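No lab work stands behind these numbers, since they all come straight from the coordinates. From a predicted model like this one, the values you see are computed outputs, not experimental measurements. All Cβ positions, glycine included, derive from the backbone under ideal geometry; neighbour counts span all protein chains shown.
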Amino acid sequence: MDRRTALRLLGWGGAGVALGDVASVEPALARALRSAAQGAGDPAWNSGGPLVAYPEKLPLIVLTDRPVQLETPRRYFRDAFTDNAAFFVRWHLDLHPNAVDLSAWRLRVEGNVGRTLSLSFDDLVNRFSPVSVAAVNQCSGNSRSRFTPRVAGGQWGHGAMGSATWTGVRLRELLEAAGVRPGSVDLQFEGLDRGRGPAGRGSHRYLKALRLDDPVLDDGLVAYAMNGQQLPMLNGFPARLVVPGYFATYWMKSLTWIRVLPQPDENFWMQSGYRVPDTPGGGTTPDNVRAGRVTMVPITRMPVRSFIVSPDGTSRVPAGLPTTVRGIGFSGNGAITRVEWSEDGGRSWRDVRLGADHGPHAFRTWEAAWTPRVPGEVSLAVRATDARGDVQRDAPVWNPGGYLWNRIERQVVTVGRSA
């Protein structure tokens, strides 16, 4: 996508975007509003909150209203790309921005650099070559409500994720323009998230960092477009960090500062927040945590996952009539290379037909033909394999943060007699 195309698609104006503006979203909004009273769809798959339409958004499931946390209902995962208006939302602090004035906003690249940069939005669009990448953005706590024993934090179902095509400037190109000095260690990111945070922890600003020698920086973008449109305010307008393969905790929204540090970043959000046990699969036990037998490390890459999107168990499937089982898979460790499904709860497996390959970081759709033969309840299951050879496990994980859930998913479907 060249600059002219990007500008035409995005229709930039100089006044900025306000969260309170009346947003023009797809015509499906009217239909979704009419059906909102029917609930979020499948409470066994999503969390159990009410459906509410925020600015620029279709009705999504509300976990909290400040900071805003919105979960995407299951039906919006039928395609490889998630509509901007249906994309989940997760802010960390309660004073995140309602509006951004583009005439005043600047992205600063500073710290241990040869030249501090102060870039306007127009600078990002016009001074640097636009690059696009398809990638999944998934909250670290996606599926936290499945943990037993329960853990603190937003009790997400499976809908704290989405896949989009992100367009922006390569992170490496910005660093080259600033000139990283020798002896630099970490790259710290800060957006416009503000609020109280955990008391006494110095956490009123949301800060995350990546090691300068982390290969993921080669894929990183400062994105100003999402699926060919400007970023919604709730998804990080005017620009956000994109870290393909990594959990969303690093995908800083309303990114405003990039700092090159000569020492490791030891702020609260790196030393205490978003950490997992240094064990295979990131699992441990409550007893090990209480006894202090667990070494914790920052969460980074997403494990391999797959989901059945339809049938979703809300209606009967007629016996003897062909139907199609559909879903998605993704991984933070490479492209999805295989998806298998089961109609007997996981005792036997068959390969599915994979959809188009949109790159190693995107959703991969899949489908399988199925003709149920006998009336009754059937347990469908799905598991995925990624390019590294990782296969979804059929065992739960537990850790105190409620992270890294990737157990094989099952869907009970009622097969009815055909007329």
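Structural remarks
- Qualifying positions in the stretch 363-379 - under 25 Å from P244 (Cβ atoms) and touching a Phe, Trp or Tyr at 6+ places or on another chain (Cβ under 7 Å): F363, R364
- Only one entry of R106, R90, R115, R127 meets the criterion of being of a type outside the set (A, V, I, L, M, F, W, C) and without any contact (Cβ under 8 Å) to a residue 60 or more places away in the chain, and that entry is R127.
- Whichever residue in the stretch 319-341 is in contact with a strand residue (DSSP E or B) (Cβ under 6 Å, 6 or more places away or on another chain), surrounded by fewer than 18 Cβ atoms within 10 Å (Cβ to Cβ) and touching a residue at least 60 places away in the same chain (Cβ under 8 Å) and, among such residues, is farthest from D394 (Cα to Cα): A319
- Scanning the stretch 360-371 for residues that are over 16 Å from R410 (Cα atoms) and buried (at least 17 other Cβ atoms within 10 Å of the Cβ) yields P360, H361, A362, F363, R364, T365.
- Considering (1) part of a loop (DSSP other than H, G, I, E, B); (2) surrounded by 16 or more Cβ atoms within 10 Å (Cβ to Cβ), the lone condition that R259 does not fulfil carries the number (1).
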